[in-house]
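What follows is one structure encoded as structure tokens, with my remarks underneath.
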There are 4 protein chains.
Amino acid sequence: MIYFDNDYMVGAHPAVMRRLIETNGLHTIGYGRDEFTKAAEKTILSECGIANGAVYFLEGGTQTNAIVIDRLLDHNDGVIASDTAHINVHEAGAIEATGHKIIALPNHKGKLLASDIRKYIRNFYNDDTHRYMVRPAMVYISFPTELGTIYTHDELIGISEVCREAGIPLYIDGARLAYGLAAESGDVSLKDIAGLCDVFYIGGTKCGALFGEAVVTRRPELLPRFDSLIKLHGATLAKGRLLGIQFSQLFTDNLYMSIGQHAVSLALKLKSGFINKGYQLYIDSPTNQQFFILPNDKIEQLKAIASFELWGPKGEEETPVRFVTDWSTTDNDIDLLLSAI
Amino acid sequence: MIYFDNDYMVGAHPAVMRRLIETNGLHTIGYGRDEFTKAAEKTILSECGIANGAVYFLEGGTQTNAIVIDRLLDHNDGVIASDTAHINVHEAGAIEATGHKIIALPNHKGKLLASDIRKYIRNFYNDDTHRYMVRPAMVYISFPTELGTIYTHDELIGISEVCREAGIPLYIDGARLAYGLAAESGDVSLKDIAGLCDVFYIGGTKCGALFGEAVVTRRPELLPRFDSLIKLHGATLAKGRLLGIQFSQLFTDNLYMSIGQHAVSLALKLKSGFINKGYQLYIDSPTNQQFFILPNDKIEQLKAIASFELWGPKGEEETPVRFVTDWSTTDNDIDLLLSAI
Amino acid sequence: MIYFDNDYMVGAHPAVMRRLIETNGLHTIGYGRDEFTKAAEKTILSECGIANGAVYFLEGGTQTNAIVIDRLLDHNDGVIASDTAHINVHEAGAIEATGHKIIALPNHKGKLLASDIRKYIRNFYNDDTHRYMVRPAMVYISFPTELGTIYTHDELIGISEVCREAGIPLYIDGARLAYGLAAESGDVSLKDIAGLCDVFYIGGTKCGALFGEAVVTRRPELLPRFDSLIKLHGATLAKGRLLGIQFSQLFTDNLYMSIGQHAVSLALKLKSGFINKGYQLYIDSPTNQQFFILPNDKIEQLKAIASFELWGPKGEEETPVRFVTDWSTTDNDIDLLLSAI
Amino acid sequence: MIYFDNDYMVGAHPAVMRRLIETNGLHTIGYGRDEFTKAAEKTILSECGIANGAVYFLEGGTQTNAIVIDRLLDHNDGVIASDTAHINVHEAGAIEATGHKIIALPNHKGKLLASDIRKYIRNFYNDDTHRYMVRPAMVYISFPTELGTIYTHDELIGISEVCREAGIPLYIDGARLAYGLAAESGDVSLKDIAGLCDVFYIGGTKCGALFGEAVVTRRPELLPRFDSLIKLHGATLAKGRLLGIQFSQLFTDNLYMSIGQHAVSLALKLKSGFINKGYQLYIDSPTNQQFFILPNDKIEQLKAIASFELWGPKGEEETPVRFVTDWSTTDNDIDLLLSAI
């Protein structure tokens, strides 16, 4: 069986795992105050081109989104997001559970348009009764999006400008950041991300770690007393160094970028293979998630050798499906799959 | 100046006020345990045709919606509502502040369609990942809607059936219930409302009271320990009898219905007047809110003698406006306005 | 029957009621943006000696406490209060429901000691792990306290200083402020209260209004976007002028102070009467609540002519009881009661 | 340097680590629906003597407490706990952040007394105004307690009975359960714990795992839709099998019990050593945490070779200190330390 269900089916990249083993017997103080964690913070800020910033390590994406958004918003504030945003659909109401509305705007291939955001904010402040409405107080985007698509550099600049005009922070969910940075025809670097948004996170769980996400900000004043808030959300890891160790390794010898490139290049090979065989794209993704529309009988046939997800309810004759690659996917996996279609 | 801004610009209906004066000097125990409140509960249940139910009195609509919805939903549950619903737009995020998502479906002249609700719920349960999504766990509709429109008896039955199929409660926001019951060509009675939904409230604030809303349910087991929850939300009135006294009066000599009929008949006269002069309806409302599209210069001219609200941002040449009637509106007010258009 | 259960058994003071009747038919805009409310704000600030402050009107005490405290605290913050504080005992968990811990310190006749507060805060910051504890971030006191006692001017200065040292706000719950200001041997004026704390509220419900509390602050920057937060808590009154009208009247012709003096002088007469007959005080209160320890058979006997509350569980032979006076209590009521003991 | 600061300074027990390495390259579905996790659940239920129960795996103790308590309590409910309880002191307000009050009763060497709980609950229901107070709706105890002490079997039965009488669940925080089960003169087994409480958790983080806690209940109906609540709290681990794999290993070949016995036997040796040298116990603990009162100069001297925590603020001449052992502590560590005192 070849696995394309998602990018969290396997353990950590071997280099990360090796580092955890090497350090397993060492004694350090808890809660992320150890030297491994400090070193990881330093490395990440340097890679992001941030002179005076802060990094916080957390365990998972939903947790990270909820805590960051809870910190950035005041009472009565909402977060603008695409209607397909992970926070709007697949986080079980975690944002609302912290008391905040998600202001969902229509997605354009998974993305928000700067012009839509600007228009929403203007209309809001033009409304006489807006003090009894939910204030749009931050923007959430994901890079890449839940549909595998990415923002161009210009698009990010556009959204960043809207946020600056409105005086509200831009937050980027980078659960699959490695794959976004390695995207086909992508023109966005880690430093671009770090400079254009106010807070973002570098996804570890889906990009080669056992688990872990690194929240990065060039404006640490936006996250006051964040350690206490993390604890309050039950997200402080006692053996906090586990996160520092993993991220240090991911940012050693360009590993994080390599993992992204590896998975994306295989995903693109897979895309070409399907296109060459005449299959239709469900959406044109330049990253490690690939979406096709397949005849239902073809799906049944492929299920015998590969596991992957249906993307939405089953259609009469054909159904969208998703294939995902990660560090563990091999060239051989792709060949095997393509030979079967 | 003639006032059509809304239906809470003036004090209580004189009969209600008189009753408050008459009882002002009496001593009773607090927190709604007095005899006035018990009598009001009894009368309301009787008018609603409910043998074994419960009534709770609160001070305002946003408060009522937040407390009832907070009680009906479990963690991780959301409430299905129209995208134009008061809870979705004009309550400052009060529902989300209790931790719950509003699942907004497209409105049809302010109303939800039973078929849309059914489809949403089916799709939800067909989704493999639904346990990590927000569960649609109740339905909220308003009667009349925020656009002055009303559901027909058949439409209410349809939505009620969807809810029963799904095993989730139907809640009706009756902030302007008096006007809905008196609607032009309406076929829905108070008993229909009480029987088709699980919980609803009879609006007092906008229908002749100084303030106050009466939550009614024929299924008291849906609101366990509701007194404590009301207190927790800071909504327990020390001199609770003020609510009982007002509602007792509103349901004496058919006053509540009369107030509705009075305001609606004047609103319909106003509608006819505008139509006869060739103005266009923004939406065709059978209740005490009337919406027209007026040329901007006509709006300016009318503002000299009448106050009313623009309904949305000002257009280039014409703009939607709203006129609202209530117990204090007179035949003469309508005549004066119509003579000026 | 003579009523001493509490100070919210009867309607509004006749002067307040008269003003509500006079204004009942006027049309004004809603949500407290009317001229009555603006005038009340202006009068109150002037009476408080505040040049640049803000006043917000709410409906009840629990609601007021919850909203103010929710506004003053950040995530992870707690409020220091006496263990007998209303917020700690009788508000159904309303403060915790907004996510905040009440840090209860031992009461001294219902009061907090400045020295206890200082010690708690020092120990907190001396604790190495304090970032994983609840930060003491404001102080709540009531004036008068739940036991009818009052702080002296010096005591208030002491607590105010501790708060200033720690950089945290002092909030005073003035549910019964009229009676505190009129207390026997009291040396605290309204201007003292307004100047020594950061935010407080002037209780209306228990001091002559139908309902209503006025939140006052000389530091409006502490309550940013407070209107929106009030709406989010469901506490925005549609006919907001009802609060402005009542408070304007309470601060006309010294009415608020007169109500306090009337009730306190009768309460003190009642206290003297009990003392003269040899009864023991449960606590020595200088305000409108009086607490005695009475033999159980005497309690039974008095219950025939007067209603009042047992203060705690019934004892073997004697039980503490409470008698409360308000604007409606008459000299004759006291004489009747005293003649029966 | 020898480390006695706490029991989360080092990675996982080698056997656990080995298992993570062995399974690292396997592909499994996410979110804890894999076979490893199912096997761990089965093993744990069997070890607990539970025929029809449920197990849920989480990442840390504060998170676990917050989610379980949030699930067990209704609106307006509070949790009874010792004033020294971890949830009351060291979880940054995580419980209050879910809206619930901690009803703190005085501790007796870290423990709650059944009689105190019973008395509190009785008084509550005897109070006429209890519906406006926080309802005591569950009991939280830790085993061992935060002071290293343990409940006897009889004491657990006593508390369990109080809970049953009151119809409320008993929840046990087993962050250090391995050490409690291995306690000197302890008479409580894992099956006892599982049978006497309603929900508890088996601590992994402090007992040999990299991280992880296993929530166990013999009454799965108490935790409805718990998966969704875990997700809502951001605590669903994408690579959920990491928890299943670790706990499977901890419950293979009696490893969990062995880790407890190893650490406790060394802790007791350490205790004897200190006692024999004439030092005073701060509290008499039978588990892996040992507390002594040491002269300040002795503390300084020991700090040169060992790290450990002061337990509270530094005294004038002497100060309480804590030494903690775990799977990584060696006989040699103890000898070295004892030779220095």
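The values are calculated or read from the model by the stated rules, or taken from the named source; none is laboratory data. These numbers come from a predicted model, not from an experiment. As a convention, Cβ positions derive from the backbone with ideal geometry for all residues, glycine included, and neighbour counts pool all protein chains shown. Note: accessible area is taken over every heavy atom of the protein model, side chains too, but ligands, DNA and RNA are not part of it. Shrake-Rupley method; radii C 1.70, N 1.55, O 1.52, S 1.80 Å.
Numerical summary
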| item | result |
| --- | --- |
| Sites matching trypsin sites (Lys or Arg not before Pro) across segment D:1-90 that sit in DSSP coil, with at most 16 neighbouring C-beta atoms within 10 Å | D:Arg33 |
| Relative contact order for chain C, counting Cα pairs under 8 Å that sit 6 or more residues apart, in percent | 25 percent |
| For segment A:1-114, Kirkwood radius (reciprocal of mean inverse C-alpha pair distance, Å) | 17.6 Å |
| Alpha carbon Rg of chain D, scaled by the compact-globule rule 2.2 N^0.38 Å | 1.01 |
| For A:Lys269, inter-copy label distances in nm, listed shortest first [label point 7 Å out on the Cα-Cβ vector] | 5.6, 8.2, 9.9 |
| Distance between segment B:312-341 and segment C:1-54 - C-alpha centres, whole angstrom | 31 Å |
| Cα gyration tensor shape of segment B:122-199, rounded if a/c is under 1.5, else prolate or oblate by comparing a/b with b/c | prolate |
| 17 Å Cα-Cα reach of D:Lys206 towards aspartates and glutamates, excluding residues that sit fewer than 8 places from it in its own chain | D:Asp5, D:Asp7, D:Glu59, D:Glu91, D:Glu146, D:Asp173, D:Glu309, D:Asp326 |
| Burial of 10 Å² or greater, segment B:229-249 residues [accessible area, probe 1.4 Å, versus chain by itself] | B:Leu229, B:Lys231, B:Leu232, B:His233, B:Gly234, B:Thr236, B:Leu237, B:Ala238, B:Lys239, B:Arg241, B:Leu242 |
| Cβ-vector label at 7 Å, D:Lys191, separations to other copies in nm | 6.3, 6.6, 7.8 |
| Ordering of B:103-113, D:229-239, D:257-267 by packing [mean C-beta count within 10 Å, highest first] | D:229-239, D:257-267, B:103-113 |
| Average other protein chain Cβ within 10 Å of Cβ, residues D:24-32 | 6 |
| Label distances, nm, D:Leu310 versus same residue in remaining copies, Cβ-directed 7 Å point | 5.0, 6.4, 6.6 |
| Estimated distance in nm for a label pair at D:His108 and B:Asp187, the labels positioned 7 Å out from Cα along Cα-to-Cβ | 7.1 nm |
| Angstrom value of the Kirkwood radius, inverse mean 1/r, which spans all Cα pairs in the protein assembly as shown | 33.7 Å |
| Rounded if a/c under 1.5, otherwise prolate or oblate - segment A:129-284, Cα gyration tensor axes | oblate |
| Segment C:47-172: equivalent-ellipsoid semi-axes (sqrt of 5 x gyration tensor eigenvalues, Cα, Å) | 21, 18, 16 |
| Per DSSP, loop GluC sites (Glu not before Pro) in segment D:235-321 with at most 13 further Cβ within 10 Å | D:Glu316, D:Glu317 |
| Segment C:190-312: relative contact order as a whole-number percent, Cα under 8 Å and 6+ apart | 15 percent |
| Proximal aspartates and glutamates relative to B:Lys191, as straight alpha-carbon distance under 13 Å, when same-chain residues fewer than 8 apart are discounted | B:Glu47 |
| Cross-link pairs beyond the 30 Å C-alpha cut-off, checked among A:Lys101/A:Lys271; A:Lys109/B:Lys101; A:Lys101/B:Lys119; A:Lys42/A:Lys269 | A:Lys101/A:Lys271; A:Lys42/A:Lys269 |
| Taking all pairs of distinct alpha-carbon atoms in segment D:231-341, Kirkwood radius in angstrom | 16.0 Å |
| Trypsin sites (Lys or Arg not before Pro) restricted to DSSP loop in segment C:257-341 with at most 12 other C-beta within 10 Å | C:Lys277, C:Lys314 |
| Average Cα contact separation per residue, segment C:290-337, under 8 Å, 6 or more apart, as relative contact order % | 43 percent |
| A from B by rotation - nearest chain B beta carbon to the axis, in Å | B:Glu96, 2 |
